[in-house]
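One structure is given here, and the rest of the page talks about it.
Throughout, read-outs are computed from the coordinates displayed, never taken from laboratory work. Remember, it's a predicted structure, so these values are computed and weren't measured experimentally. Reconstructed Cβ throughout: ideal geometry from the backbone, glycine too, with neighbour counts over all protein chains shown.
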Amino acid sequence: MVATTDPDDRTEASSPPPPVRRPRHRIAFAVSVFGELLITVGLVLGLFVAYSLWWTNVTADREANRQSDQVRHHWADPGPGALDTKDGIGFLHVPAMHNGEVLVKKGTSAAVLNDGVAGYYTHPVKSALPGDPEGNVTLAAHRDGHGAKFHNIDRMRKGDAIVLETKDTWYVYKVYDILKETSKYNVQVIDQVPKESGKKKPGRYITLTTCTPVYTSLYRYVVWGELERTQKVDSDRTPPVELR
Amino acid sequence: MYGWIWRHLPGNTWVKALISFVLVLAVVYVLFQYVFPWAEPLLPFNDVTVNGSAPWPGSVAAR
């Protein structure tokens with residue numbers, strides 16, 4: 001969009017353009033409109049990046065905090081049942097990810113995960129719940145945008161603690177295997193006995209999944225942990241040593 | 001295009017600038033509130049689960 005080629009700018013000039021140059025002005029006009037459209041598309045795409053990587057985090061964190069408060073409130077106010085699956089089953093604490101607590105809710109649909117929470121799988125392989133005598137608690141959360149709760153999953157190393165806090169128990173897991181890249185079709189990683197991590201017998205496992213590399217959804221990143229111990233929640237909700 | 005809009009805005013330069021600013025804000029609002037939330041699930045950037053089927057959650061059909 002060069003101003004001097006704009007036909008309407010010429011009209012403001014002291015001498016009107018000679019009529020012989022009119023066709024060229026039409027072309028110049030078309031080129032300038034096309035250029036402006038390109039600039040507009042560029043700006044919209046730029047805004048979309050800002051939306052994806054920043055704004056969805058703002059809204060998701062707000063929503064996650066609201067829902068977390070609801071769950072905490074519900075826990076403080078004794079209700080029926082030890083494990084309340086309606087508002088969320090608990091909170092995930094992974095010190096290595098430096099992201100505080102992540103609310104864990106049922107389901108891994110976009111509607112659930114976009115609120116900035118981690119979801120446990122109901123499909124294609126059903127997750128176990130932390131209180132089950134054996135099974136694999138399989139979770140998914142966003143790597144970027146929408147709270148980006150598993151953004152730092154690549155900082156986790158073998159031996160790191162994964163702590164799942166429910167209403168009355170702290171479940172302390174230890175990372176024993178990491179799969180840095182796998183296909184999204186590899187649903188075996190969330191099996192109740194995750195053979196790909198080397199386990200052959202049923203036990204109490206946890207599996208975190210998200211997408212990788214960052215800012216894409218090309219592959220999946222998987223972290224497996226095994227239950228090390230459990231700890232009853234005391235009246236002050238004193239966190240286990242792993243979180244101090 | 002933008003030149004056309006500018007010339008059709010009423011008032012002097014300051015009023016035009018103010019109206020333009022409000023228009024830009026309105027466009028950004030519509031994009032963030034309606035267009036992007038609609039477009040995002042259609043794009044393959046935010047798919048985090050293993051599901052062996054559709055590239056986005058929501059249409060996890062049986063395999």
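Quick look at the numbers
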{"item": "Cα long-axis angle, helix A:56-76 against chain A (0 to 90 degrees, to the nearest 10)", "result": "30 degrees"}
{"item": "Protection-proxy order for peptides A:92-104, A:53-65, each taking the mean of Cβ atoms within 10 Å per residue, highest first", "result": "A:92-104, A:53-65"}
{"item": "Residue mean of other protein chain beta carbons inside 10 Å, A:108-114", "result": "5"}
{"item": "Between helix A:22-50 and chain A: long-axis angle, C-alpha atoms, 0 to 90°, nearest 10", "result": "10 degrees"}
{"item": "Part-to-part distance (alpha-carbon centres) for region A:35-80 and region A:167-244, which is given in Å", "result": "25 Å"}
{"item": "Contact order relative to length of chain A, as percent, for alpha carbon pairs under 8 angstrom and 6 or more apart", "result": "16 percent"}
{"item": "Per-selection Kirkwood Rh - region A:64-243 (Cα, Å, 1 d.p.)", "result": "16.2 Å"}
{"item": "Hits among lysines - C-alpha to C-alpha of A:Lys126 under 24 Å, sequence gap 8 or more where chains match", "result": "A:Lys86, A:Lys105, A:Lys106, A:Lys149, A:Lys167, A:Lys174, A:Lys180, A:Lys184, A:Lys195, A:Lys199, A:Lys200, A:Lys201"}
{"item": "Volume of the Cα convex hull of the protein assembly as shown, divided per residue and given in Å³", "result": "180 Å³"}
{"item": "Chymotrypsin sites (Phe, Trp or Tyr not before Pro) within region A:132-226, DSSP loop, no more than 13 other Cβ atoms inside 10 Å", "result": "A:Tyr185"}
{"item": "Residue order, fewest to most surrounding Cβ atoms within 10 angstrom, among A:Ser127, A:Ser32, A:Ser183", "result": "A:Ser183, A:Ser32, A:Ser127"}
